[in-house]
Amino acid sequence: MKYPFHIERTETSRLGTVNFKDLAFGKLYGDHMFVAECKKGRWTDCKITPYGNLYFSPASSALHYGQIIFEGMKAYKDPDGNPQLFRPEQNHKRFNASAARMGMSEIPQELWLDALHELISLDQEWIPEEEGCSLYVRPFMFATDRFIGIRPTEFFKFIIITSPAGFYYAKPVKVIASDHYVRAFQGGVGFAKAAGNYGATMLPLKEAQQQGFDQVLWTDGLEHKYAQEIGTMNVFFMIDGVAVTPELDGTILDGITRDSVIQLLHSYGTPVEVRRISLDEIADAHKKGLFTEAFGTGTAASIAPISHVGYKGAVMQLPPASAWEYSTRLKHDLEAIKTSRLPDPFGWVAKVKSKLVPEEAPIM
Ligand code: COI
C-alpha cells in the first residue's frame, strides 16, 4: 500500500445494539472510522480507529471559514453476503473537484479506495440487508490550520464514517420553488459538495416546512425562473413522455445517481433532455395534463417521487403512486443493480476487497 494504514479495532462492538428492522437515516454510526492528515500536500497518519470524537484546535480554519467538503456513498451486500460499493471512483472524482474549488488538497485515488475498502471490509456486518437499506458512507475533509486570519490553508483532516441507514424519505416529497433565497450562482460553489451549500439552506428549509413542504426546489439566482436542484437531490420532470433534468451549469451538483438515471433511461429508450427548464414550462405542462411525474435523485434519497410542487402561491399536485411509471422502475432497477440482484451492464458495482483485514475475521 502506498499509504500505510494502522488499524485499531474496537474492543466493544455496538453492532448488537442495532435494530436493523427499524433503521432511520443518519442516526447510528459504525464501529470504526478512517482518519488521515494532510500536511502541506503530503498525506500521512492514515488509520482506522474505533468511531469516536475527534481532537482538533478551536482555531482550526474550517470552524471559522467553512472549508469543509463531503461525499455520500452507499455500501450494499450481494446475494451471497459480499460487500460492494456503487461507482466509488465517481465520488472520488467529485470529491477532488470540490476540493479544488475550495482550495483544499486533493485525495490520491489509491488512498480514497484503500480507505473505503478497508473500512467497509472491517465493518461489513454493519451493512443492512433489508430492502431499501444500506450502509451510508460519509467521507469528509476540513481545514485544520490553526490560524484565524484568512489565507490559503495547508493542513487537512480526511475522515470516513459509516451509518446503517433506511429510507431518507419515507413518503413522496412536497417541494416549493424558491422565489426569494438563492442557493448558487454561476462562478460560485454550487457544483461542489461544500458544507456551506447545505448550511445556508437550513433557514429556507425551515420556512418551507412551516408552509407544509418537505424541501426547497432551488431556482436560478437571477430570475427565480429555472429549476436547479432540490436541497438533497437532483431533479427530473417527466413531461409528455420526456425526462427533463437541469443541465450542469456550475450551479448544481453533478449527481452520480442523476448520471446513472440518465443512463438507465437511455437504456429504456426513454427520451432524456438535459437542459434549462423553467417553472413556467412545468406549470404550463401541468395545466395541459402533460406533467405526469417528478422525482429527485441522490445517494441518500435514492429515487424520491415528488407529490407536490409549490410555485408562485399555487401548488401543482402530481398523480398518485399507482401512476408512477418511471420512478418505480428506476428505483427498482437501481437498487437491484446495486445489490447484484440484476446484472450490471454499466460496470457500476465495485466489490469491496481488503488488502489488510483477514477475510475470515470481520467484526461481529
Ligand atoms: C447524499 O445524497 O449522499 C447527500 O450527501 C445528500 C445529503 C444532503 C443527505
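The values are calculated or read from the model by the stated rules, or taken from the named source; none is laboratory data. Keep in mind that this is a model prediction, so the values were computed, not measured. For neighbour counting, all protein chains shown are included, and Cβ atoms are generated from backbone atoms with ideal geometry for every residue, glycine included. We work out accessible area using only protein heavy atoms, side chains counted, and drop any ligands, DNA or RNA first. Shrake-Rupley method; radii C 1.70, N 1.55, O 1.52, S 1.80 Å.
Using heavy-atom solvent-accessible surface (probe 1.4 Å) with all chains present, what is the largest-first order of D344, D22?
Highest to lowest solvent-accessible surface, that is D22, D344.
Remind me, relative contact order of segment 173-323 in percent, using alpha carbon pairs under 8 angstrom and six or more residues apart?
After rounding, I find 27 percent.
Among bridges DSSP assigns within segment 173-323, what percent are antiparallel (round to 5)? Each step should come with its number before you reach the end.
Values: 21 of 31 bridges.
The answer is about 70 percent antiparallel.
With a 1.4 Å probe and every protein chain left in place, tell me how much accessible area L63 has, in Å² to the nearest 10.
100 Å²
Among 216-224, 77-85, how do they line up from the highest to the lowest mean number of other beta-carbon atoms within 10 Å? Please list the in-between numbers first.
Details: 216-224: 19.4, 77-85: 15.7.
The peptides rank, most packed first, as 216-224, 77-85.
Return a whole-number percent for the relative contact order of the chain, with Cα pairs under 8 Å and 6 or more residues apart as the contact set.
20 percent
Report, in debye and to the nearest 20, how large the dipole of the chain comes out about its Cα centre when Lys and Arg carry +1 and Asp and Glu carry -1 on their Cβ. Please list the in-between numbers first.
Working: 38 positive and 43 negative charges, 137 e Å.
So the magnitude is around 660 debye.
What's the center-to-center distance, using Cα atoms, between segment 264-320 and segment 85-124 in Å?
Cα centroid to Cα centroid, the span is 31 Å.
What's the angle, to the nearest 10 degrees (0 to 90), between helix 88-101's Cα axis and the longest principal axis of the chain?
So the helix axis and the longest Cα principal axis differ by about 90 degrees.
On the full set of protein chains, 1.4 Å probe, figure out the accessible area of Y51 and give it in Å² to the nearest 10.
About 80 Å², rounded to the nearest 10.
Under 18 Å Cα-Cα from K39, which aspartates and glutamates qualify once same-chain neighbours fewer than 8 residues away are excluded?
E106, E110, D145, E154
Among the aspartates and glutamates, which fall within straight-line cross-link reach of K288, defined as a Cα-Cα distance under 14 Å, with same-chain neighbours fewer than 8 residues apart omitted?
D240, D280
Return a whole-number percent for the relative contact order of segment 45-116, with Cα pairs under 8 Å and 6 or more residues apart as the contact set.
21 percent
If you find the alpha carbon centre of segment 11-83 and of segment 166-217, how far apart are they in angstrom?
The distance from the Cα centre of segment 11-83 to that of segment 166-217 comes to 24 Å.
Pick out, from G289, A165, Q263, the residue whose Cα sits farthest towards the positive end of the charge dipole of the chain, with +1 on the Cβ of Lys and Arg and -1 on the Cβ of Asp and Glu.
A165
How would R151, R183, R14, R275 line up by accessible area, probe 1.4 Å, largest first?
Descending accessible area places them as R151, R14, R275, R183.
Using a 1.4 Å probe on the protein chains only, how many percent of the accessible area of the chain belongs to carbon and sulfur? Working shown, then result.
Values: 8640 of 16510 Å².
Reported share for carbon and sulfur atoms: 52 percent.
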